[in-house]
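Student: Have a look at this one before I ask anything.
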Amino acid sequence: MKPWSQVALLAKREFLERARSKPFLITMSLLTVAILAIGPVISMLSSGESEATKIGLAGEELPGIEQELYEQAVLFDMEIEVDRFSTRAEAETALTDGQVAVVLVDRTEIVFHTSGSSQVTGLIHNAVDTTLKTNALTELGLSDDEIALVVEPVPVEVTTLEEQNAQEEAKRGAAFVGAIFLYISIIMFGQFVAMGTVEEKQNRVVEVILSRVRPWQVLVGKVLGIGLLGLMQLIVFAGAAYVSAQFADLTDIDVAAIGLPVIASLLFWFILGYTFYAFLYAAVGSTVSRQEDLQGALMLPIALILPGYLLAIFAAEDPDALLPTVASLLPPWAPFVMPVRIAAGSAQPWEVVVAVVGTVLGAIALVWIGSRVYSGALLRTGGKTSLREAWKAAVE
Amino acid sequence: MLELVDLNKRFGDVVALAGAAFVVERGRILGFLGPNGAGKTTAMRVVFGLVRPDAGSVLWNGGPVGPAERLRFGYMPEERGLYPKMKVHDQLVHFSRLSGLSKTEANESVDHWLDVLGLAGRGDAKLDDLSHGNQQRAQLAAALAPNPELLILDEPFAGLDPIGVESLAATLRELASEGVTIVFSSHQLDLVEDVCQDVAIINEGRVVLSGRLDDIKNRSTKRRLTIDVDGGAWIPDSPGVEVVDGPGPAHCVVESDAPVADLLAAANAAGAVNRFVFEPPRLTDLFREAVGS
């Protein structure tokens, strides 16, 4: 029997037993339903509201103002609706009730409910100004073309020194979302790995297992089985989120802008990061023999994951800064930070190689350490074994 | 053939094994005896690579024991444990497959052993839902289902009812007759005497007595004397007589060259003799002598 066929058997058991367990199925279904519900709920909440800014007119009438407001709205890239009120009091009531956002009284006063908007003020001011000028010039007997020459805004071209790169934004955003996913997955499935390790010690089934296979096979099988389950769950959630987004009209996420290489790199780093931390959780789980003692021991991996997540935020802001650059090379943080730097285009090829090799070696070292701790700690079932004790027992 | 050669193991200041050694030949049943803490469990764990000895080795059919050899061994550890939430049949198949059986072989073997051990029909139950005795049988099935060539059982009779004890003893005898080598530990010496052909007695990490039970008994300089005299327990009042516990009449251990005729005459003088047996020592007598208490 090949060692890897045994690993496959161990992984299969982890996957099936967990996938079949009621708590898992219930949590999974509830979360999937919740994700599916978010889209329709958002679309329901937002359907009643119109995006248009409602402008009320009251007091002295200014001929041509309505049309001018609509024309200005085009220039301001805004959507508006105009309502006319017979008295100022009526308009103010409408303003208080939220039926309109702003009221133009006579031609001289702009009234908001609580706070003003400079964009809306500008729009109305321009409209009043243009209307007054147009009316005055018409009275002077100028033709429409002549009037247009005076009141039409002079076209001004707006340019930027550096072109804003929408693609880069999308890539960086995707990498950052990847870091969040990694963070959540590690917290959730790392916990599963650690709990599974402790469970076998608590049930004292380890001795039956270890009389057949070696500790590293147990750890690798556990991490693979639970990892596959985690991946499957992610795919289900992502699918549900996609369906949900269709309902909410939130489909302006530009997958094409992110690009296949970035998605591939994200997936690669996700798997590498998960594997690294799963082995850390397995090693940590090996040091305790009761579930009650597990929480305390899990402080160590969390103390590494949290900075990784924060460094990813930092890297998304400034990928070339010293701190993210150094962190992206070190095994515990590379899976969080490096994909962000790769997406931002700031990582040198050699840096990527160093980070990958370092993380792979780190994961192998953790399997080795974890196996030792596992076999050393398993035969002691009284409470918590310190890492040092377990190590000593294994070396003995 | 299983050989334990000069095993030494220390845990900090505690000496668990101090040159422990014994041999079991193919198809024989060895009772592995010793007081609590004598090193029985540690020695068994060494066979399965769960404890690395400081010195000494384990040989199977004359060769070293590695992972491949261990797959042909079945083990029922002292620390009982299976997956509590997993169906009995499923986990037995899992363990059998880990030992190298194919899916079909594993299923057939598990069905067979569940049947033999009286668990037929309980295969779909979770381990947690079985009674204590049945969990014990399931544990035994985990050791037996991979069809091992060597079976090492740590206290297999503990927790079984008399019928369970009987059927396990019969099962072990049958396996041995098919060529399976069996080592088991137990504190129930009468039971060991009935079931096994060989014994190894370990004390403070050293095997102090080992070999074929018949040979050991015959070699012993002690004899057991059982006397039942009318009118109460009569005990010979002569030097070299050690009174031991036993049911009913008086039991004592005497030297093999004790003056049997004189003792019988003395018993006759005390009352009507219903029973007077002079026979090889029992295992308990040998055990007591070997561990010196």
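Student: Residues that are without any contact (Cβ under 8 Å) to a residue 24 or more places away in the chain and of a type in the set (A, V, I, L, M): which helices (runs of 4 or more DSSP H) entirely in the range A:3-122 hold 2 or more of them?
Tutor: Numbers: elements: A:3-20, A:22-47, A:65-75, A:88-97.
Where helices (runs of 4 or more DSSP H) fall fully within the range A:3-122 and carry at least 2 residues being without any contact (Cβ under 8 Å) to a residue 24 or more places away in the chain and of a type in the set (A, V, I, L, M), they are A:22-47.
Student: Does the range A:193-203 contain at least one residue that is under 32 Å from the mean Cα position of the chain (by Cα) and open to solvent by 50 Å² or more (accessible area, probe 1.4 Å)?
Tutor: Yes - at least one qualifying residue is present in the range A:193-203.
Student: Same structure, new question: Restricting to the range A:353-371, count the residues that are surrounded by fewer than 19 Cβ atoms within 10 Å (Cβ to Cβ), without any contact (Cβ under 8 Å) to a residue 40 or more places away in the chain and touching a helix residue (DSSP H, G or I) at 6+ places or on another chain (Cβ under 8 Å).
Tutor: 1
Student: What number goes with the only condition from (1) crowded, with 16+ Cβ neighbours inside 10 Å; (2) part of a helix (DSSP H, G or I) that A:Pro319 does not pass?
Tutor: Only one criterion is unmet by A:Pro319, namely (2).
Student: When B:Met44 is evaluated against the numbered criteria (1) farther than 24 Å from B:Leu175 by Cα; (2) within 14 Å of another protein chain (Cβ to nearest Cβ), which criterion, by number, is the only one it fails?
Tutor: (1)
Student: Which numbered condition in (1) open to solvent by less than 30 Å² (accessible area, probe 1.4 Å); (2) at positive phi is the only one that B:Gly121 fails?
Tutor: The number of the failed condition is (1).
Student: Now for a separate question. Scanning the range B:76-91 for residues that are part of a loop (DSSP other than H, G, I, E, B) and touching a residue at least 60 places away in the same chain (Cβ under 8 Å), which turns out farthest from the other protein chains (Cβ to nearest Cβ)?
Tutor: At the first step, the residues of the range B:76-91 found to be part of a loop (DSSP other than H, G, I, E, B) are B:77-86.
Right, trim to touching a residue at least 60 places away in the same chain (Cβ under 8 Å) and you get B:77-78, B:82.
Working: B:Pro77: 4, B:Glu78: 8, B:Leu82: 6 Å.
My answer is B:Glu78.
Student: Here's something else I'd like to know. Give the residue that is least open to solvent (accessible area, probe 1.4 Å), with candidates limited to residues of the range A:78-92 that are over 42 Å from the mean Cα position of the chain (by Cα) and not small (Gly, Ala, Ser). Before the answer, list the steps.
Tutor: Of the residues in the range A:78-92, the ones over 42 Å from the mean Cα position of the chain (by Cα) are A:84-92.
In the following step, the residues that additionally are not small (Gly, Ala, Ser) were identified as A:84-85, A:87-88, A:90, A:92.
Numbers: A:Arg84: 98, A:Phe85: 32, A:Thr87: 63, A:Arg88: 93, A:Glu90: 90, A:Glu92: 72 Å².
The selected residue is A:Phe85.
Student: Let me ask something else about it. Given the options B:Ala43, B:Ala38, name the one that is assigned to a loop (DSSP other than H, G, I, E, B), of a type in the set (A, V, I, L, M) and surrounded by 15 or more Cβ atoms within 10 Å (Cβ to Cβ). Can you show your working first?
Tutor: Values: B:Ala43 fails: assigned to a loop (DSSP other than H, G, I, E, B).
Answer to the selection: B:Ala38.
Student: Also, I was wondering about something else. Please find, within the range B:95-105, the residue that is farthest from the other protein chains (Cβ to nearest Cβ) out of those that are crowded, with 23+ Cβ neighbours inside 10 Å and in a helix (DSSP H, G or I). Give the steps one after another, and end with the answer.
Tutor: Initial filter on the range B:95-105 (crowded, with 23+ Cβ neighbours inside 10 Å): B:95-99.
Filter once more, so that each one left must be in a helix (DSSP H, G or I): B:95-98.
Working: B:Phe95: 7, B:Ser96: 10, B:Arg97: 5, B:Leu98: 5 Å.
Restricting to residues being crowded, with 23+ Cβ neighbours inside 10 Å and in a helix (DSSP H, G or I), the top hit is B:Ser96.
Student: If you don't mind, another one. On the given criteria, is B:Glu108 of a type in the set (Asp, Glu) and either part of a helix (DSSP H, G or I) or surrounded by 23 or more Cβ atoms within 10 Å (Cβ to Cβ) (or both)?
Tutor: Numbers: of a type in the set (Asp, Glu): yes; either part of a helix (DSSP H, G or I) or surrounded by 23 or more Cβ atoms within 10 Å (Cβ to Cβ) (or both): yes.
Yes: the conditions hold for B:Glu108.
Student: Name the residue, out of A:Val213, A:Val218, A:Val177, A:Val223, that is at pLDDT 90 or above and more than 14 Å from chain B (Cβ to nearest Cβ).
Tutor: Numbers: A:Val213 fails: more than 14 Å from chain B (Cβ to nearest Cβ); A:Val218 fails: more than 14 Å from chain B (Cβ to nearest Cβ); A:Val177 fails: at pLDDT 90 or above.
Just a single option satisfies the conditions, and that option is A:Val223.
Student: List the pairs whose first member sits in the range B:3-28 and is more than 19 Å from B:Ile152 (Cα to Cα), whose second member is of a type in the set (D, E, K, R) and part of a strand (DSSP E or B), and whose Cβ atoms are under 6 Å apart, counting only residues at least 6 apart or on separate chains?
Tutor: Correct list of pairs: B:Ala18/B:Arg206; B:Gly19/B:Asp6; B:Gly19/B:Arg206.
Student: Here's another thing I want to ask about it. Tell me which strands (runs of 3 or more DSSP E) are completely within the range B:179-239 and hold 3 or more residues being among the aliphatic types (A, V, I, L, M), within 30 Å of B:Glu79 (Cα to Cα) and open to solvent by less than 50 Å² (accessible area, probe 1.4 Å), or say none if there are none. Outline the logic, then answer.
Tutor: Values: elements: B:181-185, B:198-203, B:206-212, B:222-229.
Passing ranges, in order: B:198-203.
Student: For residues that are open to solvent by 40 Å² or more (accessible area, probe 1.4 Å), assigned to a loop (DSSP other than H, G, I, E, B) and within 11 Å of chain A (Cβ to nearest Cβ), tally how many sit in the range B:53-75.
Tutor: The qualifying residues number 2.
Student: If the requirement is being closer than 30 Å to A:Leu104 by Cα, hydrophobic (A, V, I, L, M, F, W, C) and open to solvent by 40 Å² or more (accessible area, probe 1.4 Å), which of these qualifies: A:Leu36, A:Leu75?
Tutor: Values: A:Leu36 fails: closer than 30 Å to A:Leu104 by Cα.
It is A:Leu75.
The values are calculated or read from the model by the stated rules, or taken from the named source; none is laboratory data. Values in this document were obtained by computation on a predicted structure and should not be read as measured data. Note: ideal-geometry Cβ built from the backbone for every residue, glycine included; neighbour counts use all protein chains shown. What goes into the accessible areas is simple: the full protein's heavy atoms, side chains included, and nothing from ligands, DNA or RNA. Shrake-Rupley method; radii C 1.70, N 1.55, O 1.52, S 1.80 Å.
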